[in-house]
Amino acid sequence: MPSLLTVLLLPLSWLYAGVMAVRNMLYRSGLNPSVSFPEVPVLNVGNLRVGGTGKTPHVAHLITALQQLGQSPAMLSRGYGRRTRGYRFATATDTAATIGDEPLQQFQQFKGTVPVAVCEDRVVGIRQLLSEAPATSVVVLDDAYQHRRVQPSFNILLTEQERPFYEDWVLPAGRLRESRAGAVRADLVIVTKCDPLLSEARRQDITRRIRSYAKPTVPVLFSTYVYGTPVAIGASPQPTGPEVLLLTGIAQPEPLRQYLETAGYRVVHHARFADHHAFTEAEIAAVAAQLAPGQSVFTTQKDAARLLEPALAAVVVQVPVFYLPIDVRFLADGDARLLELLMPYFQPHAVV
């Protein structure tokens, strides 16, 4: 049942959805051209809603799966939140300010072994990336579901279990960037942040509801998060007690908070900032000032990429700050099915 505010905002949502529908029609008809890349498969990971569906860990999982298939993947992102413009190929000297927090996280996670680049124009970005990293056998696009100028080989749509796109509304009444009908472009839908014990009956019901907007036979997989051991980026090598301050600048920090509480930690304060927030020395100092003896600061891996900015190093190094790495785990036979869906794109002379 939509709230009163949602109902009041629906006329604006219908207007926005209409504009996006016309845009999509122009691309579908060919009046607005899309560019394909026959040289290599282009795999896109995106969503219909604004932020918070888990793109970054799923991109990392996809890259690892491609490596298991013997491929040499490279990643291209817009680089949201960076202070630079145009194409940029990531190097060890880059920071969140130069390439964005999510690309930096990917570059650091794969220790520079996977080429990472950023560019607002994905067509230009792919061409430049293939030129600078000629060994690339597949390009993974991060968050380009609405970037229709590129025609991906394989479109992966993410949606959360707790707020699936089929129960959401277009901006500003809801969080969708386009109408639910946009799901029809997906070649695979992944339901993210699932309850690890999600029943088969519930999975079938969610699949049915997704397919009422997407292709009738689109594969639907279900994934959950697995949190790793805390990684220190500050003054202490490991947490010293169960009481923690949570520091986040992401769209959906609730899963992390829930995990900490179920893992035996007690969140005594949550300093919550907007997604991609650029932390300041004063903000970190204010969080540190609230710490009592034996307490630590916990944050996300994406936030850690921004906390490691050179301008913040002098403050962060004095605070017991830890991030929790996230791995994606598929429910049931999801990992095997993902590999099966990817393999045809790397079979010689295969038609997909």
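What to note about this one:
- Full-stretch length increase - V123, A92 - with 0.36 nm per residue and alpha-carbon distance subtracted: 8.7 nm
- Cα-based Kirkwood hydrodynamic radius, the stretch 130-177, one decimal, Å: 13.5
- Convex hull volume of the stretch 301-352 per residue (C-alpha atoms, cubic angstrom): 131
- Averaged over its residues, the stretch 220-352 has an accessible area of 48 Å² per residue, based on protein heavy atoms and a 1.4 Å probe.
- Mean Cβ neighbour count within 10 Å, used as a protection proxy, ranking 52-65, 249-262 highest first: 52-65, 249-262
- Rg ratio (alpha-carbon, reference 2.2 N^0.38 Å) - the chain: 1.01
- Taking every DSSP bridge with both residues inside the stretch 193-352, close to 35 percent are antiparallel.
- Whole-number accessible area per residue in Å² for the stretch 30-110, which is evaluated in the context of all protein chains at 1.4 Å: 38
- In summary, the stretch 157-312 shows an alpha-carbon radius of gyration equal to 1.27 times the 2.2 N^0.38 Å reference for compact globular proteins.
- In units of the rule-of-thumb radius 2.2 N^0.38 Å, the stretch 148-246 shows an alpha carbon radius of gyration of 1.43.
- Efficiency of FRET between T64 and A181 - r from beta-carbon atoms, R0 22 angstrom, step 0.05: 0.10
- Karplus 3J(HN,Hα) series, Hz, for the stretch 81-90 with 6.51 cos²θ - 1.76 cosθ + 1.60 (x for Gly, Pro): x, 6, 9, 10, 9, x, 6, 8, 9, 5
- Taking 7 Å steps out from each Cα toward its Cβ at R163 and V22 produces label points 2.8 nm apart.
- Mean Cα-pair separation over length for the chain, i.e. relative contact order, pairs under 8 Å, 6 or more apart, %: 19
- Averaging the sequence gap over all C-alpha pairs within less than 8 Å and six or more residues apart, then dividing by the number of residues, gives the stretch 225-352 a relative contact order of 38 percent.
- For V189, neighbours were defined as the other residues whose beta-carbon sits under 11 Å from its Cβ, and their charges (Lys and Arg +1, Asp and Glu -1) total +3.
- Other residues lying with their Cβ under 12 Å from the Cβ of L171 contribute a combined charge of +1, Lys and Arg counting +1, Asp and Glu -1.
- Space enclosed by the convex hull of the alpha-carbon atoms of the stretch 164-203, per residue, Å³: 93
- Just so you know, the Rg over Rh for the stretch 261-331 is 0.98, from Cα atoms, with Rh as the Kirkwood radius.
- Between the listed residues L130, G70, V140, the Cα displaced farthest toward the positive end of the dipole of the stretch 51-205, a dipole computed from Cβ unit charges relative to the Cα centre, is found at L130.
- Beta bridges per DSSP, both residues in the chain: antiparallel share near 20 percent.
- Under 5 Å between amide hydrogens, built in the peptide plane, is the criterion, and for W169 it picks out G174, R175, L176 among residues at least 5 positions away or on other chains.
- Two-site FRET efficiency, E254 against R337, from Cβ-Cβ distance with R₀ of 35 Å, rounded to 0.05: 0.80
- The portion of the accessible surface of the stretch 1-146 made up by carbon and sulfur, rounded to a whole percent, is 60 (1.4 Å probe; DNA, RNA and ligands excluded).
- Potential lengthening of the chain between A292 and T6 amounts to 98.8 nm, from the contour at 0.36 nm per residue minus the alpha-carbon distance.
- Kirkwood-type radius of the stretch 53-150, with distances r between different C-alpha atoms, in Å: 13.2
- The length gained by stretching the chain between Q146 and V231 to full extension, at 0.36 nm per residue less their Cα-Cα distance, is 27.2 nm.
The values are calculated or read from the model by the stated rules, or taken from the named source; none is laboratory data. Just so it is clear, the model here is predicted, and its values are computed rather than measured. A quick note on method: Cβ atoms are made from the backbone with ideal geometry, for glycine too, and the neighbour counts reach across all protein chains shown. Ligands, DNA and RNA are excluded from the accessible area calculation, which covers all protein heavy atoms including side chains. Shrake-Rupley method; radii C 1.70, N 1.55, O 1.52, S 1.80 Å.
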